[in-house]
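Participant: My structure is below; once you've seen it, I'll send some questions.
The values are calculated or read from the model by the stated rules, or taken from the named source; none is laboratory data. Remember, predicted model here, so these are calculated numbers, not experimental data. We place every Cβ from the backbone using ideal geometry, glycine too, and count neighbours over all the protein chains shown.
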Amino acid sequence: MVIPKNFLWGGSISAAQCEGGWNEGGKSPVQVDYGDPGTSNDRRYIHFQNADGTRGKMRQFDHLPEGASYTLFDDIRYTNHIGVDFYHRYREDIALFAEMGFTTFNTTISWARIFPHGVEGGVNKEGIEFYRNVFKECKKYGMDPVITLYKYDEPVYLEEKYGGWANREMIHQFVEFAKVCFSEYKDLVDKWLTFNEINILLHFEGQEGSQVAYTELHNQMVAAARATKTAHEIDANISVGCMVAGFCIYPYTCDPEDVLTAYKEFQNKFGYCGDTMIRGSYPTYATRIWKEKNVELEITEQDKKDLMDGKSDFLAYSYYMSSVTTTHEVELDGMVSAGGQGELANPYLKSSDWGWQIDPTGYEYFLHFLNDRYQIPIFDVENGLGAYDKVEEDGSIHDDYRIDYLRSHIKSLMKAREEGVNIFGYTMWGPIDLVSFTTGQMDKRYGFIYVDMNDDGIGDLHRIKKDSFFWYKKVIASKGKDLE
């Protein structure tokens, strides 16, 4: 694997949440192009028209009812259509990242820009050149990009034709997409991620339930493994990692049943994917999960071979918060769901505006846990705080709350690294404001860079450097030593 000599500092975004240009440059639509902005208390909806002409809506990751079609309606604001206009402004934004001192940058390649209508529709050369220019711009500033292939944005064409990831044809479609990317950009990118937060399907099982979710996930893990093997065949210097959403779950009490339940929650939500993709086969406890979920998977001998031959070179992860689970009935004042992770809020922790619990100590614990369990290089792809930001009369934005969050987590990261955790990079989510994945909002802001656009579509997209912009620049310049 290509391990950088120096620790990589940067930020992470995604195509669907930032690019805009949803119908430009030969790109075809993806599911979130039909999504509304939700609220701080509710996820977004995806909108469609039924076969009888009536309107319908569903959650992200759900599938269209028979005969329905994705449809745009005049009374809905589609935040992803514009995003933050990275498609047209990437040079400006990458220059701002460079001003902060980024040594790496993570983004996704929109599948719908490369193969708008599947393999059968051919490669979209305009999409190929767009990403080539993005990566060249990164290299111009000395950034060593780590690029993600998939973040829930396959062309809707593939869902309409094949029904989505429950169909094994999607494995072939993805591997061909990956092959084109590895081949086209091998001189610009040597570190790749296959699926972003691949385990997220276990969190949003959707309307069809567990059988479909686990079938889709199996096909995705096989596709990732085949893609990893393909990358190594194209260029032995290419490293490919898996990326798993971090779930740090505590037992609420010292009752042994709570301790066992918390560990099983880790197995269910993280280990199921992490163990499979890093070790090359399903863990023994997968049989328990399948039994509990009443799931039967078609796992062929070729699938088993693919998983073993395409083991990930490194483990990438996201970490935002921790959560608590228990076997007991517990009542807590002001209890929140912690973003849907686990069952209870931790009474010892504070929460963000969106109910996500802030736990830098849990981050340190989680880093050691991953390092000890997998014993391969790890990479932090996502860590950040979504919050409401206020633009002052003089145009400044004082986001001390964001600095406090990041300072405490980077401090934990640096401590774990000093204690031997084999972590080679950190890309904060997201360095520029973007469309929220879960809610579709612009008002939920993460960035060091403010983008003048709100949920109602008001704003001219101009960029403003927040206080955290200058703070992170100092952090990178000091290689993580100056966190004040």
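Participant: For residue 38, indicate whether it is more than 30 Å from residue 375 (Cα to Cα), modelled with pLDDT of 90 or more and either in contact with a Leu (Cβ under 7 Å, 6 or more places away or on another chain) or not acidic (Asp, Glu) (or both). Before the answer, list the steps.
Facilitator: Working: more than 30 Å from residue 375 (Cα to Cα): yes; modelled with pLDDT of 90 or more: no; either in contact with a Leu (Cβ under 7 Å, 6 or more places away or on another chain) or not acidic (Asp, Glu) (or both): yes.
Answer is no for this residue.
Participant: With (1) farther than 27 Å from residue 480 by Cβ; (2) in contact with a Lys or Arg (Cβ under 8 Å, 6 or more places away or on another chain) as the list, and residue 96 as the residue in question, which single condition is left unmet?
Facilitator: Looking at each condition in turn, residue 96 falls short on (1).
Participant: Now a separate question. Could we say that residue 339 is modelled with pLDDT under 80, under 23 Å from residue 426 (Cβ atoms), outside any loop (DSSP other than H, G, I, E, B) and touching a strand residue (DSSP E or B) at 6+ places or on another chain (Cβ under 8 Å) here?
Facilitator: Details: modelled with pLDDT under 80: yes; under 23 Å from residue 426 (Cβ atoms): yes; outside any loop (DSSP other than H, G, I, E, B): yes; touching a strand residue (DSSP E or B) at 6+ places or on another chain (Cβ under 8 Å): yes.
The answer is yes for residue 339.
Participant: Given (1) under 23 Å from residue 200 (Cβ atoms); (2) in contact with a strand residue (DSSP E or B) (Cβ under 8 Å, 6 or more places away or on another chain); (3) at pLDDT 95 or above, where does residue 323 come up short, assuming only one miss?
Facilitator: (3) is the only condition that residue 323 fails.
Participant: Something else about it: Just to be sure I understand the filter: pairs with C-beta atoms under 8 Å, separated by 6 or more residues or on different chains, first member in region 228-242 and closer than 16 Å to residue 180 by Cβ, second member at pLDDT below 95 and not charged (D, E, K, R). Which pairs pass?
Facilitator: 238/2
Yes/no matrix, rows are residues, columns are (1) of a type outside the set (A, V, I, L, M, F, W, C); (2) farther than 15 Å from residue 220 by Cα; (3) out of contact with any strand residue (DSSP E or B) (no Cβ under 8 Å at 6 or more places or on another chain):
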| site | (1), (2), (3) |
| --- | --- |
| 109 | no, yes, no |
| 113 | yes, yes, yes |
| 117 | yes, yes, no |
| 134 | no, yes, yes |
| 172 | yes, no, yes |
| 195 | no, no, no |
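Participant: Among the numbered criteria (1) assigned to a loop (DSSP other than H, G, I, E, B); (2) within 30 Å of residue 428 (Cβ to Cβ); (3) of a type in the set (Gly, Ala, Ser), which one does residue 178 miss?
Facilitator: (1)
Participant: Still on this structure, I have one more. So is residue 55 farther than 30 Å from residue 104 by Cα, modelled with pLDDT under 95 and not hydroxyl-bearing (Ser, Thr, Tyr) or not?
Facilitator: Working: farther than 30 Å from residue 104 by Cα: yes; modelled with pLDDT under 95: no; not hydroxyl-bearing (Ser, Thr, Tyr): yes.
In short, no.
Participant: Identify all residues within region 399-448 that are touching a residue at least 60 places away in the same chain (Cβ under 8 Å) and in a helix (DSSP H, G or I); write none if there are none.
Facilitator: Listed by number, the residues that qualify are 400, 402, 403, 406, 407, 409, 410, 411, 413, 414, 417.
Participant: So which residues in region 347-363 are farther than 15 Å from residue 384 by Cβ and buried (at least 21 other Cβ atoms within 10 Å of the Cβ), if there are any at all?
Facilitator: Passing the criteria: only 362.
Participant: For residue 129, only one of the following conditions fails: (1) closer than 22 Å to residue 447 by Cβ; (2) without any contact (Cβ under 8 Å) to a residue 12 or more places away in the chain; (3) not polar (S, T, N, Q). What is its number?
Facilitator: (1)
Participant: With the requirement that a residue be in a helix (DSSP H, G or I) and aliphatic (A, V, I, L, M), what does region 262-319 give you?
Facilitator: Initially, region 262-319 is screened for residues in a helix (DSSP H, G or I), giving 262-279, 286-293, 301-309.
Once the filter is applied, which keeps residues that are in a helix (DSSP H, G or I) and aliphatic (A, V, I, L, M), region 262-319 yields 262, 277, 278, 286, 289, 307, 308.
Participant: Just checking, how many residues over region 400-433 are of a type in the set (D, E, K, R) and touching a strand residue (DSSP E or B) at 6+ places or on another chain (Cβ under 7 Å)?
Facilitator: Count: 3.
Participant: Mind checking which residues of region 342-377 are hydroxyl-bearing (Ser, Thr, Tyr) and either at pLDDT 95 or above or under 18 Å from residue 416 (Cα atoms) (or both)? Steps first, please.
Facilitator: First, the residues of region 342-377 that are hydroxyl-bearing (Ser, Thr, Tyr): 348, 351-352, 361, 363, 365, 374.
Matches in region 342-377: 361, 363, 365, 374.
Participant: Also: Among the residues of region 182-199, how many are assigned to a helix (DSSP H, G or I) and buried (at least 21 other Cβ atoms within 10 Å of the Cβ)? Break it down stepwise before answering.
Facilitator: Going residue by residue through region 182-199, those that are assigned to a helix (DSSP H, G or I) are 182-184, 198-199.
Those still in the list that are buried (at least 21 other Cβ atoms within 10 Å of the Cβ) too: 182, 198-199.
Number satisfying all stated conditions: 3.
Participant: Right, another one. Return the residue satisfying two criteria in turn: it lies in region 412-444 and is β-branched (Val, Ile, Thr) and in contact with an Asp or Glu (Cβ under 8 Å, 6 or more places away or on another chain), and of such residues it is surrounded by the most Cβ atoms within 10 Å (Cβ to Cβ). Explain how you work it out, then say what you get.
Facilitator: The initial filter retains those residues of region 412-444 that are β-branched (Val, Ile, Thr), namely 421, 423, 427, 432, 435, 438-439.
Of the ones still in play, those that are also in contact with an Asp or Glu (Cβ under 8 Å, 6 or more places away or on another chain) are 423, 427, 432, 439.
Numbers: 423: 21, 427: 26, 432: 22, 439: 23.
Per the criteria, the residue is 427.
Participant: Right, next: So residue 117 fits all but one of (1) over 17 Å from residue 45 (Cα atoms); (2) touching a His at 6+ places or on another chain (Cβ under 9 Å); what number is the exception?
Facilitator: (2)
Participant: Kindly provide the set of residues from region 215-261 that are over 26 Å from residue 298 (Cβ atoms), in a helix (DSSP H, G or I) and touching a Lys or Arg at 6+ places or on another chain (Cβ under 8 Å), ordered by number.
Facilitator: 234
Participant: So how many residues does region 248-281 have that are farther than 29 Å from residue 146 by Cα, surrounded by 17 or more Cβ atoms within 10 Å (Cβ to Cβ) and in contact (Cβ under 8 Å) with a residue 60 or more places away in the chain?
Facilitator: From region 248-281, those farther than 29 Å from residue 146 by Cα are 250-265; that's our starting set.
Retained after the next criterion (residues that are surrounded by 17 or more Cβ atoms within 10 Å (Cβ to Cβ)): 250-252, 258, 261-262, 264-265.
The next check asks that each one be in contact (Cβ under 8 Å) with a residue 60 or more places away in the chain; those that pass are 250-252, 258, 261-262, 265.
The number of residues fulfilling the criteria is 7.
Participant: What's the number of the condition residue 245 fails, among (1) at negative phi; (2) surrounded by fewer than 20 Cβ atoms within 10 Å (Cβ to Cβ); (3) not acidic (Asp, Glu)?
Facilitator: With respect to (1) at negative phi; (2) surrounded by fewer than 20 Cβ atoms within 10 Å (Cβ to Cβ); (3) not acidic (Asp, Glu), residue 245 is out only on (2).
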